[in-house]
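The values are calculated or read from the model by the stated rules, or taken from the named source; none is laboratory data. Owing to the predicted nature of the structure, the values given are computational and were not obtained by experimental measurement. Note that each Cβ is placed from the backbone with ideal geometry, even for glycine, and that neighbours are counted across all protein chains shown.
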Amino acid sequence: MSQYRLSRRPDIGDSVRVSFEFFPPKNDDMEARLWDTVKRLEPLAPHFVSVTYGAGGSTRERTARTVNRILAQSSLTPAAHLTCVDATRAEVDEVIADFVAMGVRNFVALRGDPAEGVGACYTPHPGGYSNGAELVGAIRRQGDFDVSVSAYPEKHPESPDFATDFDMLKRKVDNGATRAITQFFFENDQFERYVEKARAAGIYIPIVPGILPVHNFKQVANFAGRCGAHIPNWLAERFDGLHDDPQTHALVAAAVAAEQVLDLVERGVGDFHFYTMNRADLAFAMSHLIGIRPGEANGGHRAVAA
Ligand code: FAD
């Protein structure tokens, strides 16, 4: 399908933009691997690269260190993720101020999950921000920053219905969110329907699909179960029996991701967020497929734009 479709869309390279998500490394080996990934992806001039934020002080320091290194040693625009978990408002405000002092102008604002992990019941810190919308407000009070927020094409698992999710997303927009990035998904119809429903609910910020290349199907299936993302049968069938065959698994993963992103391009999507898992290979290949080329201005390089 893609050859035919691509030949009908010679213009896609002009209109497509990517961002990449990393997680902060835990040790020197992981740090070296992340840095190889950053350097491999840097020539693609992504719109921004984001660094996740976890529970616990040491994880938070690692996020700050990683963001700082990206600022100091690359031409990329880092976006710092931030959560409300286990912190007072004053503490979160201080973290925001520290990032701003470092030179950060792009944020990804999240409520976060409890320290016990995804799926455990979330209780806001008594003196803290209680959700993503309040955190967006806190960031925007410190400056006119670019603030991305989460969106859930399959509904947030704690949410009773889509209407509750859209209420929350609307509150985030009202507080100054400039873009929503979705949880990963594999059914493009679901994403398209979600965007239509969001527009109908009066939400007009860009909704960027979060794409997770399936580096390890078993891990993805595990994680999907906990964060409310659905693994379709057709996807499970494609990876069936490949757990001990990494070469074929990698080829199938590339085919699956290619099919998903090219189909989204065909549906008019021009902005993609790749969950890289700190690996460059599939993120680079998918960017190439949708028309991103090294050395071209693809919306990135220290740009602070919505
Ligand atoms: P919110 O948007 O604040 O809430 C999620 C939903 O819960 C709402 O839509 C609403 O339906 C419901 N809800 C919340 N509060 C209420 C309420 N008071 N009453 C009724 N319903 C309510 N996690 C991390 O720990 N670190 C990261 O760096 C990180 N990065 C992420 C990046 C992206 C793009 C995405 C999609 C998720 C990320 N997560 C991260 C995961 C995220 O923290 C979890 O999904 C978490 O469960 C919800 O956070 P949120 O900001 O989406 O929550």
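Can you confirm whether residue 196 is over 19 Å from the mean Cα position of the chain (by Cα), among the acidic types (Asp, Glu) and under 25 Å from residue 267 (Cα atoms)? In short, yes. Checking each residue in the range 47-61 for being touching a residue at least 60 places away in the same chain (Cβ under 8 Å) and either within 12 Å of the ligand (Cβ to nearest atom) or over 13 Å from the mean Cα position of the chain (by Cα) (or both) picks out 50, 55.
The number of residues in the range 144-203 that are surrounded by fewer than 20 Cβ atoms within 10 Å (Cβ to Cβ), among the acidic types (Asp, Glu) and away from the ligand (no atom under 12 Å from the Cβ) comes to 6. Taking first residues from the range 259-281 that are farther than 18 Å from residue 183 by Cα and partners that are surrounded by fewer than 17 Cβ atoms within 10 Å (Cβ to Cβ) and basic (Lys, Arg), the Cβ contacts under 6 Å between residues at least 6 apart in sequence or on separate chains come to 266/5; 280/40. Residues that are part of a helix (DSSP H, G or I) and touching a Gly at 6+ places or on another chain (Cβ under 9 Å) were ranked within the range 73-95; the one that is surrounded by the fewest Cβ atoms within 10 Å (Cβ to Cβ) is 90. Residues that are at pLDDT 95 or above and within 13 Å of the ligand (Cβ to nearest atom) are absent from the range 229-241 altogether.
The numbered conditions (1) more than 20 Å from residue 226 (Cα to Cα); (2) crowded, with 20+ Cβ neighbours inside 10 Å; (3) touching a Cys at 6+ places or on another chain (Cβ under 7 Å) are all true for residue 106 except (3). For the structure I just gave you, tell me whether residue 37 is part of a helix (DSSP H, G or I), in contact with a His (Cβ under 9 Å, 6 or more places away or on another chain) and of a type outside the set (D, E, K, R). Against the criterion (part of a helix (DSSP H, G or I), in contact with a His (Cβ under 9 Å, 6 or more places away or on another chain) and of a type outside the set (D, E, K, R)), residue 37 does not qualify. For residue 98, state whether it is surrounded by fewer than 18 Cβ atoms within 10 Å (Cβ to Cβ), more than 10 Å from the ligand (Cβ to nearest atom), closer than 24 Å to residue 273 by Cα and at pLDDT 95 or above. No. Go through the range 124-143 residue by residue and tally those that are of a type in the set (A, V, I, L, M, F, W, C) and within 7 Å of the ligand (Cβ to nearest atom). Counting residues in the range 124-143 that are of a type in the set (A, V, I, L, M, F, W, C) and within 7 Å of the ligand (Cβ to nearest atom) gives 1. Within the range 120-128, does at least one residue satisfy the condition of being at pLDDT 95 or above, over 16 Å from residue 169 (Cα atoms) and touching a Cys at 6+ places or on another chain (Cβ under 8 Å)? Yes, the range 120-128 has at least one match. Of all residues in the range 49-63, those satisfying the criterion of being over 18 Å from residue 293 (Cβ atoms) and either among the hydrophobic types (A, V, I, L, M, F, W, C) or in contact with a Pro (Cβ under 6 Å, 6 or more places away or on another chain) (or both) are 51, 55, 62, 63.
Starting from residues that are of a type in the set (A, V, I, L, M, F, W, C) and not in a loop (DSSP other than H, G, I, E, B), keep the ones in the range 202-211 and report whichever is nearest to residue 280 (Cα to Cα). Here the answer is 211.
Exactly one residue out of 171, 179 is closer than 24 Å to residue 273 by Cα and either within 19 Å of the chain's Cα centre (by Cα) or of a type in the set (Val, Ile, Thr) (or both): that is 179. The residue list 79, 115 contains one member that is closer than 18 Å to residue 61 by Cα, at pLDDT 95 or above and within 12 Å of the ligand (Cβ to nearest atom), which is 79.
Here residue 77 fulfils each of the conditions (1) in contact (Cβ under 8 Å) with a residue 40 or more places away in the chain; (2) farther than 20 Å from residue 280 by Cα apart from (2).
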